[in-house]
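Participant: Attaching a single structure in structure tokens format; questions to follow.
The values are calculated or read from the model by the stated rules, or taken from the named source; none is laboratory data. Source: prediction; values computed, not measured. Using ideal geometry, Cβ is built from the backbone for each residue, glycine included, and neighbour counts are taken over all protein chains shown. Each accessible area value is taken on the protein alone, full model and side chains, heavy atoms only, with ligands, DNA and RNA left out. Shrake-Rupley method; radii C 1.70, N 1.55, O 1.52, S 1.80 Å.
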Protein chains: 2
Amino acid sequence: MSNVLVLGHKNPDTDSICSSIAYATLKDKLGEQAEPVRLGELNEESKYALKYFQTKAPRMISGVSEETERVILVDHNEKQQSAIDIDKVKVIEVIDHHRIANFETSEPIYYRAEPVGCTATIIYKLFLENNVTVEKNVAGLMLSAIISDTLLFKSPTTTNQDIEIGKELAKIAKVELEDYGLSMLEAGTNYSDKSMEE
Amino acid sequence: MSNVLVLGHKNPDTDSICSSIAYATLKDKLGEQAEPVRLGELNEESKYALKYFQTKAPRMISGVSEETERVILVDHNEKQQSAIDIDKVKVIEVIDHHRIANFETSEPIYYRAEPVGCTATIIYKLFLENNVTVEKNVAGLMLSAIISDTLLFKSPTTTNQDIEIGKELAKIAKVELEDYGLSMLEAGTNYSDKSMEE
Ligand SMILES: [Mn+2]
Ligand SMILES: [Mn+2]
Ligand SMILES: [Mn+2]
Ligand SMILES: [Mn+2]
């Protein structure tokens, strides 16, 4: 049987990139092989986080059905935000923090959505629930996702859980939350400025 | 603000009845008031379980929108299996073990679906995750739901989790699993026989 692919949404942001890596890591540790993939180019913010935490970017793919029969969606559920051929494969799990729409399955699946600020917040809880240790770099990536989605806890979607878990992850990742967060957000902003100049 | 109602599907089975009671109990213990309700008559099996574990049946309602603005769905998600006026209220949570279809929200919600044999199996995990003690009668009702949905672990939808959790619940409920299970299933069957004779 082919590998399970873990994919975030089109035009991937830092949550889609980092949550796909983190969840594939959890799956691997639970003995279920899974590969993180992405549906588009990395933005500068995500590149900064991946470089800082010394992690390879997920492999870029254009469609899923020639690769696998089974996928896990993170950070999205709506069909139009997913792989163009998503209807040709089986979605076996969803981990998300968005409204549910344009989504349906023919069989029972694992669907975990919570109204929190970031998918990575939920994935950290899944590490805990499964008693799997979170390693430094994966913690750093989940922290990066939370900082990105909540704009350093300033977005209106931020919940107490995002803040508490963000702080815990910063300890595991051995970074000063505010310093790292501002540098990472700045890395994303710099790029926009640069591309406007170009 | 009106109470949150916790409701199972139309033509309620033992899982819909007992999971609505168990989840409302968990919510109450977490300080969020919630009332279990039902959309139809109790079957004989459910009556047996409620009587055995000395628990009042959920209040029967015909629609939700005159009662509340917010509901939690257990043991179903599809619109046509829910209250006739479900579109007029806000679904704030779903706890279920069925396929996802004919369901959508305008905002992020808590959605917890797992491919296990019974909703009560998931609800027991939620008690554990929230560090809430399960009391004897509620344990007995969750056990009843698992026995009903899995036909005493014999249905093809039964998972290891249903079996493990069923055994734990039997200990808390202080019943011998097989004996209680057969009596409960029989109570349901007797009625079918009787109504055929009548
Ligand atoms: Mn995203
Ligand atoms: Mn996100
Ligand atoms: Mn049911
Ligand atoms: Mn059920």
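Participant: Starting from the eigenvalues of the Cα gyration tensor, five times each then square-rooted, give me the equivalent ellipsoid semi-axes of the protein assembly as shown, largest first, whole Å.
Facilitator: Result for the protein assembly as shown: semi-axes of 42, 21, 20 Å.
Participant: Hey, any idea what Rg/Rh is for the stretch B:48-198, computing Rh the Kirkwood way over Cα pairs?
Facilitator: Ratio of gyration radius to Kirkwood radius for the stretch B:48-198: 0.99.
Participant: Enter the Cα centre distance for the pair the stretch B:119-135 and the stretch B:1-74, rounded to the nearest angstrom.
Facilitator: For the stretch B:119-135 versus the stretch B:1-74, the Cα centre distance is 16 Å.
Participant: Oh, and also: Restricting the count to DSSP beta bridges whose residues both fall in the protein assembly as shown, what percent are antiparallel, rounded to a multiple of 5? Show your work: numbers first, answer last.
Facilitator: Values: 3 of 39 bridges.
Just about 10 percent of them are antiparallel.
Participant: Still on this model: Just in the stretch B:106-175: which trypsin sites (Lys or Arg not before Pro) are loop by DSSP and have at most 16 other Cβ atoms within 10 Å?
Facilitator: B:Lys154, B:Lys174
Participant: Helix A:160-173 against the longest principal axis of chain A: what's the angle in degrees, Cα atoms only, rounded to the nearest 10?
Facilitator: Result, in degrees: 80.
Participant: Counting other Cβ atoms within 10 Å, keep those with at most 16, restrict to DSSP loop, and tell me which GluC sites (Glu not before Pro) in the stretch A:106-188 are left.
Facilitator: Details: sites: A:Glu129, A:Glu135, A:Glu164, A:Glu168, A:Glu176, A:Glu178, A:Glu186; in loops: A:Glu135, A:Glu176.
Listed in order of number, the matching sites are A:Glu135, A:Glu176.
Participant: Counting only helical runs of four or more DSSP H residues, what would the 222 nm mean residue ellipticity of chain B come to if each run contributes -39,500 (n - 2.57) and the total is spread over all its residues?
Facilitator: Value at 222 nm, helices only: -14000 deg cm²/dmol.
Participant: When the accessible area of the protein assembly as shown is computed with all protein chains present and a 1.4 Å probe, what percentage of it is carbon and sulfur?
Facilitator: On the protein assembly as shown, the fraction of accessible area on carbon and sulfur atoms equals 49 percent.
Participant: Here's another thing I want to ask about it. Of A:Val132, A:Val71, A:Val91, which has the largest mean-square fluctuation in a 10 Å C-alpha GNM of chain A?
Facilitator: Among A:Val132, A:Val71, A:Val91, the largest mean-square fluctuation in the Gaussian network model of chain A belongs to A:Val132.
Participant: A follow-up question, please. Would you please name the GluC sites (Glu not before Pro) within the stretch B:73-108 that are DSSP coil residues with at most 10 other C-beta atoms within 10 Å of their C-beta?
Facilitator: Numbers: sites: B:Glu78, B:Glu93, B:Glu104; in loops: B:Glu78, B:Glu104.
Those that pass, being in a loop and sparsely packed, number zero.
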